[in-house]
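Asker: I have a structure I would like to understand better, so I am pasting it below and will then ask my questions one at a time.
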Amino acid sequence: MRTDSSPGTLPAREHLPAAPAGTPVLDVVIPVYNEEKDLQPCVRRLHEHLARTFPYAFRITIADNASTDTTPQVAGRLAAEIPEVTTFRLEQKGRGRALRAVWSTSDAPVLAYMDVDLSTDLNALLPLVAPLISGHSDLAIGSRLARSSRVVRGPKREFISRAYNLILRGSLQARFSDAQCGFKAIRRDVAQVLLPLVEDTGWFFDTEMLVLAERAGLRIHEVPVDWVDDPDSTVHIVKTATDDLKGVWRVGRALATGSLPLDRLARPFGDDPRDRDIKDVPKGLARQLVGFCVVGALSTLFYLLLYSGFRAFTGSQVANALALLVSAVANTAANRRLTFGVRGRGGAVRHQAQGLVVFGIGLALTSGSLAALNAATSEPAHSTELAVLIAANLAATVLRFLLFRAWVFPDRREDESPMSPPYDTAPAPYDTAPASYDTAPAPYDTAPHETSRYGTTPYDTAPHETSRYGTTPYDTAPYDTAPFGTPYDTTRFRAGEAADGTWPDATPRLQPVRRHDTDSRDFR
């Protein structure tokens, strides 16, 4: 099981620990633009629901996107009247810009947002954030397209929503069901690393965030919701759809070229089958075979189309060479990204050069096959030529995969095992420390009243003498406070934390609270 966390990666998910009452655990952001009518009833309804049902401290943040009506004044009054409400003013429009600004500065370990119209039933809020608090998931979204969801909206919005999500599945291979529902949450530690990679500042912000998180392997939890369409929504459907399609193209191109540093979002998942090493089984062989076969089938089709086109105005050998050259460049690029998962531009030229060597081998096989066919018959039929080329390409494909895997895109990652660094190289504190237990004189083996490393007197003569463990007697001192480990040492080290006692800043701790514990206005 992998328990280490390499530099630049997220630590293992853990349940948020308990914390003093009053520390906000959840920060719900409501982005608004000219919502002077709906803002006050929305905030009061949300506050009443959280105060009545949410077991932790919370905060509601109104993110004003450069409103030109009285929305800022309404938000200011709500913040003055309700202690759990704050307001944040931005001078530029954009829902994504507002969410980035508030989430980046919030101190709550769980961050959420919802639309001001509260179209989503609030009973789904606790199921939305619970997987993030427990450490089960990294992000959570409300889904209107889940089977158990209950949605009331017109056919036009229904069609647009389902068509958009089909586009995401077909173009970006998205597996989440609903990208546009205004009901989402994210852990703060994930947001700190993920948000700098998200470029969009408008409505596509949600989609881009989810696609990048999913491609990086983060876990997205979906909650079926009850949702009622707001007929007075001010969203411009055509403009929003156009901007979303532009965003899909931009993100798809970035993913295809490998320009996104998704390795920054890598997170150890614990005892995951993907983290286990199995001897004598190459890593990712099955996945690479499937990817190579798909790319090979498409490349063969592409090659045949090119050959047929070139053959119309040139000889068979020249047409074969040109078609194979163009398809080989495309094949190497596709296999580099899709089959072997190599991203970025580093080594791309070298890979293409090696791919051309593999191309030369394929050219020799196919050209030799054509030469043999022409030697056997002076004017072979076009269909016969294609059949011979297909057979030669199948033989060249097997050799191409072996060369790609072993030479062009070898797996250079070192096998990880429980005995690999840092475990076999880091000095063991008990084996090499000069004051280890097996070398230090034991208190019972030496003179009964001599000074030992555990105190100034033996246990049976001065039970209340001051020792290295404190001023309490040895039989009552807690083992977990000893500066050196004891046989019953309970000190634990979490993934990514140093064993030398230097710990990172802890996540704010959680503790269930009730309104009458902190609210002086409640006389129950």
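The values are calculated or read from the model by the stated rules, or taken from the named source; none is laboratory data. These figures come from a predicted structure and were not determined experimentally. We place every Cβ from the backbone using ideal geometry, glycine too, and count neighbours over all the protein chains shown. In case anyone asks, the SASA skips ligands and DNA or RNA and just uses the protein heavy atoms, side chains included. Shrake-Rupley method; radii C 1.70, N 1.55, O 1.52, S 1.80 Å.
Asker: Got a sec? Which of Arg405, Arg400 is basic (Lys, Arg), within 13 Å of Ala328 (Cα to Cα) and touching a Phe, Trp or Tyr at 6+ places or on another chain (Cβ under 9 Å)?
Answerer: Going through Arg405, Arg400 in turn, the sole match is Arg400.
Asker: Name the single residue, out of those in segment 238-257 being without any contact (Cβ under 8 Å) to a residue 60 or more places away in the chain and of a type in the set (S, T, N, Q), that is least open to solvent (accessible area, probe 1.4 Å).
Answerer: Thr240
Asker: Could you list, in sequence order, the residues of segment 14-54 that are aliphatic (A, V, I, L, M) and either part of a helix (DSSP H, G or I) or more than 24 Å from Ser104 (Cβ to Cβ) (or both)?
Answerer: If the condition is that a residue be aliphatic (A, V, I, L, M) and either part of a helix (DSSP H, G or I) or more than 24 Å from Ser104 (Cβ to Cβ) (or both), then Ala18, Ala21, Leu39, Val43, Leu46, Leu50, Ala51 are the ones that fit.
Quick grid of which residues meet (1) of a type outside the set (D, E, K, R); (2) under 19 Å from Val295 (Cβ atoms); (3) surrounded by 15 or more Cβ atoms within 10 Å (Cβ to Cβ); (4) in contact with a Cys (Cβ under 7 Å, 6 or more places away or on another chain):
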{"site": "Val318", "(1), (2), (3), (4)": "yes, no, no, no"}
{"site": "Phe340", "(1), (2), (3), (4)": "yes, yes, yes, no"}
{"site": "Arg345", "(1), (2), (3), (4)": "no, no, no, no"}
{"site": "Gly368", "(1), (2), (3), (4)": "yes, no, no, no"}
{"site": "Thr377", "(1), (2), (3), (4)": "yes, no, no, no"}
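Asker: Restricting to segment 42-70, give me the number of residues that are of a type in the set (Asp, Glu), closer than 18 Å to Phe88 by Cα and open to solvent by 10 Å² or more (accessible area, probe 1.4 Å).
Answerer: 1
Asker: Sort out for me the strands (runs of 3 or more DSSP E) sitting completely within segment 172-229 that have 2 or more residues that are modelled with pLDDT under 90 and open to solvent by 20 Å² or more (accessible area, probe 1.4 Å).
Answerer: 226-228
Asker: Starting from segment 65-78, keep only residues that are under 13 Å from Arg44 (Cα atoms), then list their pairs with residues that are open to solvent by 10 Å² or more (accessible area, probe 1.4 Å) whose Cβ atoms are within a distance under 7 Å, requiring at least 6 positions of separation or different chains.
Answerer: Cβ pairs passing all conditions: Val74/Glu36; Val74/Gln40; Ala75/Thr87; Leu78/Gln40.
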